[in-house]
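Novice: Structure provided below as structure tokens; questions to follow.
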Amino acid sequence: MSREGDGKLSDKDKLDLLRERREEAKLGGGLKRIERQHSSGKLTARERLDQLLDPGSFSELGMFITPQPTSFGELERKFYGDGVVTGSGLIDGRRVYVFAQDFTVIGGSLGEQHARKICLVMEKAIQTGSPIIGLIDSGGARIQEGLGHYGSIFYRNTLGAGVIPQISVILGPCAGGAVYSPALSDFVFMVEGVSRMHITGPQVIKAVTGEEVTSEELGGAAVHHTRSGVAHFVSKEEKECLDLVRELLSYLPSNNRELPPIRSTEDSIDRMEDELVDIIPDDPKKPYDMKQLIRLVVDDGVFLEIQEGFARNIIIGFARLNGHTIGIIANQPLVFAGCLDINSSDKAARFIRFCDAFGVSIVNFVDCPGYLPGTQQEYGGIIRHGAKMLYAYCETTVPRVTVVTRKIYGGAMSGMSVSKLVGTDLTAVLPSAEIAIMGPEGAANIIFKEEIGKAEDPEAVRAEKVRQYREQFANPYVAAEKGWIDVIIEPREIRPFLITSLERLRGKGERRPEKKHGTIPL
Ligand code: HXC
């Protein structure tokens with residue numbers, strides 16, 4: 001690089017310097033570390049952003065920020081960007097803010113400058129009403145800096161909650177304090193064999209409790225998808241995962257002041273599905289797959305399920321009806337007969353609140369015998385957890401429509417938002433549905449205990465009482481006469497019914513008592 005007589009760089013040299021520095025910044029921790037990243041099956045931060053965003057749309061911020069000098073284990077050199085690539089871009093032409101931690105730079109560890117960069121894009125996302133997406137690949141708090149800087153990120157996660165969609169994609173280690181920004185986000189994505197999330201690692205666990213566990217068993221994608229419920233989506237590889245993030249965003253508004261985007265569809269609003277009659281067995285105890293029913297009803301059969309592997313007795317996810325996003329909550333008769341329990345209540349409650357915060361109409365498909373009985377559930381606090389789901393439903397002001405596909409008994413009438421007393425806008429029931437305070441068998445056993453006990457043929461008497469109860473109480477006409485439900489529809493009419501109902505409810509407004517915030521029983 002030549003200098004002019006006065007020692008200053010010429011304009012051309014200044015441009016060359018900028019280009020050189022940009023190239024240097026783009027190499028992050030250097031070619032050797034990039035090779036290591038690739039050989040461990042991972043993309044680099046910039047490759048990930050290329051995959052996530054519309055081509056050429058990334059606009060970077062803070063490219064030349066460098067780490068703070070430290071007093072412990074001097075960093076070998078100044079890395080441009082300080083281990084995180086931040087900025088904004090477009091997904092399907094809509095603005096998003098992003099940060100992608102660069103594991104090739106000091107293990108993507110979070111120092112003060114790194115945290116500042118993340119906070120800046122979080123703030124811009126909140127101010128401009130744009131989703132924030134974090135791609136996490138980090139050794140956690142930077143050891144050389146001595147103090148963690150996560151608090152400023154948690155604070156902004158909380159400021160943004162319910163204002164903009166927040167998405168965390170775990171694409172490497174995410175340990176210690178680092179786990180709580182994803183945990184405060186709305187959706188967590190993980191990749192099999194790549195993502196690891198835990199508060200304390202295997203060595204610490206062994207030292208403290210003596211328990212031996214591998215990193216994958218402790219915090220891999222499968223564990224968080226099926227056991228802890230931390231991961232909402234799991235993919236087999238990074239590209240698939242980032243495509244899934246794009247798909248999720250296609251259902252969501254950019255912020256809580258906008259309505260969800262509308263996607264045009266060729267699927268007719270009048271489509272009647274005769275197949276629905278065959279899916280639901282007459283025998284209330286025979287299982288069937290509720291997802292089959294959902295796919296037959298929604299636009300083009302497309303349903304984006306969330307937390308598919310966790311609390312499988314309840315199904316949650318997004319779909320569209322006549323192009324409009326809906327949030328679906330449905331019992332799954334294939335698992336625990338579709339009972340509500342601790343985990344399913346937590347899973348549904350959080351989703352219901354997300355839908356309400358972002359103006360997504362709620363559709364419930366109900367086939368639920370009630371709450372799962374047993375000491376495990378009672379000791380685990382099903383009362384506390386079930387209350388979250390009830391609270392979440394009662395709190396919603398978005399349109400809320402329920403279809404009872406087969407049965408609903410007792411407290412789950414409110415718990416699954418069948419009862420209009422908990423603010424459900426419309427409830428429809430299929431003609432073969434059972435709807436009552438409790439199941440006919442249980443009711444007959446309690447009310448006619450003595451008569452059945454004394455009978456010559458107790459089974460025959462019990463069967464007769466069950467039949468009578470079903471006829472007199474547990475049928476939709478009784479519920480309709482009492483005004484508990486709005487309409488009785490044929491299975492084939494579910495799609496047109498839902499589309500019309502949601503159309504009639506669009507723009508619904510409701511005033512609630514003023515408060516700082518509710519006291520949801522967490
Ligand atoms: C500084 C770090 C680092 C960290 C990794 N590196 N983590 N540097 N601070 N936290 C550096 C390594 O020194 C190494 O540098 C490079 O990143 C790659 O790390 P490796 O160990 O070689 O990679 P790998 O074998 O893949 O192991 C990844 C790892 C491991 C599992 C993440 O690095 C690890 O255990 N790191 C420490 C995790 C941790 O305990 N973090 C603090 C959490 S406490 P070179 O120069 O050799 O390439 C916390 C509290 C916050 O987060 C509290 C807030 C409320």
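Novice: What do you reckon, is residue 64 modelled with pLDDT under 95, closer than 22 Å to residue 107 by Cβ and away from the ligand (no atom under 16 Å from the Cβ)? Spell out the reasoning first.
Specialist: Values: modelled with pLDDT under 95: yes; closer than 22 Å to residue 107 by Cβ: yes; away from the ligand (no atom under 16 Å from the Cβ): yes.
The answer is yes for residue 64.
Novice: Does region 271-282 contain any residue that is within 25 Å of the chain's Cα centre (by Cα), more than 16 Å from the ligand (Cβ to nearest atom) and touching a residue at least 40 places away in the same chain (Cβ under 8 Å)?
Specialist: No, because not a single residue in region 271-282 is within 25 Å of the chain's Cα centre (by Cα), more than 16 Å from the ligand (Cβ to nearest atom) and touching a residue at least 40 places away in the same chain (Cβ under 8 Å).
Novice: Of the residues 142, 156, only one is out of contact with any Lys or Arg (no Cβ under 8 Å at 6 or more places or on another chain), closer than 24 Å to residue 248 by Cβ and among the charged types (D, E, K, R); which? Break it down into steps so the answer makes sense when it comes.
Specialist: Values: 142 fails: closer than 24 Å to residue 248 by Cβ.
Criteria check complete, one pass: 156.
Novice: Right, something else. Restricting to strands (runs of 3 or more DSSP E) lying wholly in region 168-209: which have 2 or more residues that are within 8 Å of the ligand (Cβ to nearest atom) and farther than 18 Å from residue 121 by Cβ?
Specialist: Once the strands (runs of 3 or more DSSP E) in region 168-209 are filtered for at least 2 residues that are within 8 Å of the ligand (Cβ to nearest atom) and farther than 18 Å from residue 121 by Cβ, what remains is 173-175.
Novice: Name the residues in region 304-318 that are more than 15 Å from residue 290 (Cα to Cα) and crowded, with 22+ Cβ neighbours inside 10 Å, would you?
Specialist: Scanning region 304-318 gives a single hit, 307.
Novice: Being on the phi < 0 side of the Ramachandran plot and surrounded by fewer than 10 Cβ atoms within 10 Å (Cβ to Cβ) is the filter; apply it to region 1-22 and report the residue that is modelled with the highest pLDDT.
Specialist: 11
Novice: If I filter region 83-92 for residues that are within 14 Å of the ligand (Cβ to nearest atom) and in contact (Cβ under 8 Å) with a residue 24 or more places away in the chain, do I get at least one hit? Spell out the reasoning first.
Specialist: First, the residues of region 83-92 that are within 14 Å of the ligand (Cβ to nearest atom): 83-84.
Restricting the remaining residues to those that are in contact (Cβ under 8 Å) with a residue 24 or more places away in the chain gives 83-84.
Yes: one or more hits.
Novice: Residue 154 is checked against (1) more than 20 Å from the chain's Cα centre (by Cα); (2) near the ligand (Cβ under 10 Å from one of its atoms) and fails just one. What number does that condition carry?
Specialist: Unmet condition: (1).
Novice: Pick from region 128-151 the residues that are more than 10 Å from the ligand (Cβ to nearest atom) and of a type in the set (Val, Ile, Thr): which of them is surrounded by the most Cβ atoms within 10 Å (Cβ to Cβ)?
Specialist: 133
Novice: Tell me the helices (runs of 4 or more DSSP H) entirely within region 433-485 that contain at least 3 residues that are free of Cβ contacts under 8 Å to residues at least 60 places away in the same chain and within 20 Å of residue 409 (Cα to Cα).
Specialist: Numbers: elements: 440-447, 449-454, 458-472, 476-482.
Fully inside region 433-485 and qualifying: 440-447, 458-472, 476-482.
Novice: In addition: Give the residue, chosen from 245, 223, that is away from the ligand (no atom under 16 Å from the Cβ), β-branched (Val, Ile, Thr) and touching a strand residue (DSSP E or B) at 6+ places or on another chain (Cβ under 8 Å). First the steps, then the outcome.
Specialist: Details: 223 fails: touching a strand residue (DSSP E or B) at 6+ places or on another chain (Cβ under 8 Å).
Only one candidate passes the filter, namely 245.
Novice: Another one. Across region 93-127, which residue is nearest to residue 155 (Cα to Cα) among those that are within 11 Å of the ligand (Cβ to nearest atom) and of a type in the set (Ser, Thr, Tyr)?
Specialist: Among them, the one singled out is 109.
Novice: Another one. Within region 44-57, identify whether any single residue is at pLDDT 95 or above, loosely packed, with under 14 Cβ neighbours inside 10 Å and more than 11 Å from the ligand (Cβ to nearest atom), and answer yes or no. So that I can check it myself, show each step before the final result.
Specialist: Of region 44-57, the ones at pLDDT 95 or above are 44-57.
From the residues that got through so far, the ones that are loosely packed, with under 14 Cβ neighbours inside 10 Å too are 55-56.
Applying the additional criterion that residues be more than 11 Å from the ligand (Cβ to nearest atom) yields 55-56.
Looking through region 44-57, at least one residue is at pLDDT 95 or above, loosely packed, with under 14 Cβ neighbours inside 10 Å and more than 11 Å from the ligand (Cβ to nearest atom).
Novice: Quick check on my filter: what residues within region 500-522 are of a type outside the set (D, E, K, R) and either under 24 Å from the mean Cα position of the chain (by Cα) or part of a loop (DSSP other than H, G, I, E, B) (or both)? Explain how you work it out, then say what you get.
Specialist: Within region 500-522, the subset of a type outside the set (D, E, K, R) is 500-502, 505, 507, 509, 513, 517-522.
Scanning region 500-522 gives 502, 507, 509, 513, 517, 518, 519, 520, 521, 522.
Novice: Out of everything in region 197-244 that is touching a residue at least 60 places away in the same chain (Cβ under 8 Å) and crowded, with 19+ Cβ neighbours inside 10 Å, what residue ends up being farthest from the chain's Cα centre (by Cα)?
Specialist: 238
The values are calculated or read from the model by the stated rules, or taken from the named source; none is laboratory data. Not measured: the values here are computed from a predicted model. So basically every Cβ, Gly included, is an ideal-geometry build from the backbone, and we count neighbours across all protein chains shown.
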